[in-house]
Amino acid sequence: MSMMKEFKEFAMKGNVVDLAIGVIIGGAFGKIVNSLIEDVITPMLLKPLLDEAHLSNIAELKMGAIKYGSFLSAVISFVLIAFVLFLIIKGMNAAKKKEEAAPAAPAEPSSTDKLLMEIRDSLKK
């Protein structure tokens, strides 16, 4: 039973739960970003180019026996995903900066401090 208790303590630590939540949300967010890239942005950018080349899919591009279209598609997807994530994080950082309040004004001296300053000023005179 001791091993079960140790496992429960390990599994319920804050770090493990936070990590699990992060992985789950990251997976869902990854699907959203991939859909945005593959279903929205890439077709908008590549449709005119593919129509020019009389192709329906970028993966069909090849030079002789070398199919470079799939590689080119992966590179374009990576660049677009990196750019979209950059824009999202930049927006989040801008929102975070707006949330941060201006530093609080220094607290007014306590009555004891005021009394000590008066005594100090009197002694200087």
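Quick note: the coordinates plus some simple rules give every number you see, no bench work behind them. Source: prediction; values computed, not measured. All Cβ positions, even for glycine, are placed from backbone atoms using ideal geometry, and neighbour counts span all protein chains on display.
Miscellaneous remarks
- For the chain, a crude dipole built from +1 on the beta carbon of Lys and Arg and -1 on the beta carbon of Asp and Glu, taken about the Cα centre, is about 320 debye to the nearest 20.
- Relative contact order, percent, the chain [alpha-carbon distance under 8 Å, six or more residues apart]: 14
- Lysines with Cα under 25 Å of K13, excluding same-chain neighbours fewer than 8 positions away: K5
- Kirkwood estimate for the chain, i.e. one over the average of 1/r between Cα atoms, Å: 21.4
- As a rough guide to protection, the peptides 21-31, 65-75 ranked by mean Cβ packing within 10 Å, highest first, stand as 65-75, 21-31.
- Positive-pole candidate from P43, F10, L85, dipole of the chain, charges at beta carbon: F10
- Remark: the stretch 118-124, residue by residue, has Karplus-estimated 3J(HN,Hα) of 5, 4, 4, 5, 5, 5, 5 Hz, where x stands for each Gly or Pro and the curve is 6.51 cos²θ - 1.76 cosθ + 1.60 at θ = phi - 60°.
- Estimated FRET transfer efficiency (L85, V17; beta-carbon r; R0 25 Å; 0.05): 0.50
- The chain: angle of helix 42-52 to the longest principal axis, Cα-based, in degrees nearest 10: 30
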